[in-house]
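Please treat every number below as a calculation from the coordinates, not as lab data. These figures come from a predicted structure and were not determined experimentally. Neighbour counts are summed over all protein chains in view; Cβ atoms, including those assigned to glycine, are modelled from backbone coordinates with ideal geometry.
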Amino acid sequence: MAADAPHPTFEGYAAEPVPQAAVGSPGKDGVLELTFAATSRGTRLVHDYATVPFHVSGTLAHDPHPNAETVFVQSPTGGVAQGDRLDVTVRVDSDAVAHVSTQSSTKVQTMQRNYAGARTALSVGSGGHLDYVPEPTILHEGARYCQELTLELAADATAVVADVVVPGRLARGERFDFERYLSRVHTKGPDGSLFEDATHLAPAESDPTAPGVFGEFAVYGTTFVVAPGRNAAALSDTLHEAASDADSDARAGATELPNDAGVAVRALGDCANAVQTVLHAAWDCARRELLDAPAPVGRKY
Amino acid sequence: MTADATLEAFRLADSFLPVGTYTASYGLEQFVQEGRVSDATDLEALLSTYLERQVGPADLIALRAAHATTREGDVDAACRVDRRLTAVTLAAEFRKSAEQSGERLLSLQRDLREASFLNQYAERVADGDAPSNYAVVLGVVTGLADVDERSACLLCCHGFVTGLLGAAQRLLSLGHTDAQRILDDLRPKMIAAVDASAGRTPDDMMPFAPLIDVITANHERADRRLFMS
């Protein structure tokens, strides 16, 4: 496998030279590091480092949870381009409560050469909680995007991790015109691997609108409520009801994760808003169960 | 394959095999309930998705790995594959069905044959070290019976499709000829799923069928149902 290929299906792309700035050159290797720690004044962002295309303007204090800290990651660029390799590390130390999101959707631009890749490493210390709920990823025509997310939980730690993918600029009729999208999630608890999930779409190879895959829907999202050993059966029913009752046309369902890791809520809809509404209802419900506080409002402008 | 191995393969592929196939619909019941599957054409299209997105990229990779580790006599590796298949199967009902039918096949085989590998694996299952997924148990059993890996994969696809066709006959008005026609038409899909799983390692297991997951989650909460999954 070529040294830079994250998965065999990306091997051919990795070998292609990038005509503008090369892979790894300044501006192409964005790094984001955020560390949150519990202090006597609640959770504080104690370390942050961001290079283009990431920007951090500081923290926000609107979370309904009294000890929580919020960061909305911004981007001064037009999106993710071919040859980009992004590296995100978010650490939540013991007993801290943090919410990390993006200010706007991540646009993965049209590509002719190579691919764009993102690695995200999330970790939560004992008794801590992280909400990692970025805005949707929009895949433009020809995009090749590979993201790999790892979540590591210490004992008694919990996390909510969400991901929504939009298969094109739907309003201009662009739909499933990207080349390849692979998104993998690996989670680990104190006793080893908990569960893994993958979203793999290559519309030219396999029809994403096949029955049982996306069917009549276009936008797909999942929220993982990772809370090992916290009565997942009851939580699954509660989240399913919250997601089903949300005022949205999206179809959703909650199920217990393997290894008593928590609950997965999956949703499919016609537009990003429909899917986000359902997933926000599930997140809000999970937060009330886990932290005894509602989720922050979804609106960012 | 020897005559003995061939006969063993026929026995394992038969819907007569008492592993509780009649309790599993893998979400099909809810697809029918919602009117998403109402005839043979709908059914065949959905079964294609199961083969391409669920059986091929998860069960068959697990089966191949279990078959190979059984041939090498490595029980630890078989248990790791088993746990990994559970870790990538996010629909709770799918895990339950796969683990129950796997457990039945395991106990059936132990009643029929004396094999130390089977006993060692069964001990690990009893200790909670291995979840006994059907695809993994089938890999172990076929590995011990000298059924070659590719035939074992084809057997698995055939068993899966006949199981769901049996479920469909109880859920829909589907004639026997229609059922046989679907089974016949799906041959290229079964072969494609088996070919696509060749050379893959357990790390490559990536089932992906989100609408099946969503519909199955709704099946978990259905008021009246014939099937466990």
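Each Cα pair under 8 Å and six or more residues apart adds its sequence gap; the mean of these over the residue count of segment A:26-216 is a relative contact order of 15 percent. A cut-off of 5 Å between modelled amide H atoms, ignoring neighbours fewer than 5 places along the same chain, links A:Thr187 with A:Leu151, A:Leu194, A:Phe195. Among the chymotrypsin sites (Phe, Trp or Tyr not before Pro) in segment B:1-91, those placed in a DSSP loop whose Cβ has at most 14 other Cβ atoms within 10 Å are B:Phe16. When you restrict to C-alpha pairs under 8 Å that are six or more residues apart and normalise by the size of segment B:1-153, the relative contact order lands at 35 percent.
Its Cα gyration tensor gives segment A:26-216 an equivalent ellipsoid; the semi-axes, largest first and in whole Å, are 31, 19, 15. With +1 on each Lys and Arg Cβ and -1 on each Asp and Glu Cβ, how big is the dipole of chain A about its Cα centre, in debye rounded to the nearest 20? Computed charge dipole of chain A: roughly 720 debye.
Share of antiparallel DSSP beta bridges in the protein assembly as shown, in percent to the nearest 5? Mind dumping the intermediate values first?
Numbers: 40 of 92 bridges.
If I count the DSSP bridges inside the protein assembly as shown, around 45 percent turn out antiparallel.
If each DSSP helix of 4+ residues adds -39,500 (n - 2.57) and the sum is divided by the residues in chain B, what number results at 222 nm, nearest 500 deg cm²/dmol? So the helix-based figure for chain B works out to -20500 deg cm²/dmol. 3J(HN,Hα) couplings calculated from phi for segment B:54-67 with the Karplus curve 6.51 cos²θ - 1.76 cosθ + 1.60 (θ = phi - 60°) are, in sequence order, 10, 5, x, x, 10, 4, 5, 5, 5, 4, 4, 5, 5, 4 Hz; Gly and Pro show x. Axis angle, to the nearest 10 degrees, between helix B:75-88 and the longest C-alpha principal axis of chain B: 20 degrees. Among beta bridges identified by DSSP and lying wholly in chain A, the antiparallel ones come to about 45 percent.
For segment B:97-112, backbone phi angles converted through the Karplus equation (6.51, -1.76, 1.60; θ = phi - 60°) give residue-by-residue couplings of 4, 5, 6, 5, 5, x, 4, 5, 5, 4, 6, 4, 5, 6, 6, 8 Hz, Gly and Pro being listed as x. Close amide-amide hydrogen proximity is noted between A:Tyr115 and A:Gly83, each under 5 Å apart and 5 or more residues distant or on a separate chain (H modeled in the peptide plane; Pro and chain starts excluded).
Across A:Pro26, A:Pro208, A:Pro134, mean-square fluctuation computed from a Gaussian network of chain A (C-alpha pairs under 10 Å connected) peaks at A:Pro26.
For the residues B:Cys157, A:Cys271, what sequence is obtained by ranking on other C-beta atoms within 10 Å, fewest first? Let's see the in-between values first.
Working: B:Cys157 26, A:Cys271 18.
Listing B:Cys157, A:Cys271 from fewest to most nearby Cβ atoms yields A:Cys271, B:Cys157.
Could you tell me the distance between the Cα centroids of segment B:192-229 and segment A:72-146, to the nearest Å? About 28 Å separates the Cα centre of segment B:192-229 from the one of segment A:72-146. Within the listed set A:Ala98, A:Ala157, A:Ala121, the residue fluctuating most in the Gaussian network model of chain A (springs between alpha-carbon atoms under 10 angstrom) is A:Ala121.
Amide H contacts under 5 Å for A:Val97: A:Thr43, A:Glu69, A:His129, restricted to partners 5 or more places along the chain or on a different chain, H placed in the peptide plane at 1.01 Å from N. For segment A:183-195, 3J(HN,Hα) computed residue by residue from phi via the Karplus equation (6.51, -1.76, 1.60; θ = phi - 60°) reads 10, 10, 10, 10, 10, 10, x, x, 9, x, 4, 9, 6 Hz, glycine and proline entered as x.
Report, in whole Å, the centroid distance computed from the Cα atoms of segment B:124-188 and segment A:239-253. One Cα centre to the other: 33 Å. The charge dipole of the protein assembly as shown, taken about its Cα centre with unit charges on the Cβ of Lys, Arg, Asp and Glu (plus for the first two, minus for the last two), comes to roughly 620 debye.
Once you average over the residues of B:116-122, how many Cβ atoms of partner chains fall within 10 Å of each Cβ?
Values: counts 0, 0, 0, 0, 0, 0, 0.
Taking the mean over all residues of the peptide, I get 0.
Largest GNM mean-square fluctuation across A:Thr59, A:Thr223, A:Thr137, computed for chain A with C-alpha springs under 10 Å, falls on A:Thr59.
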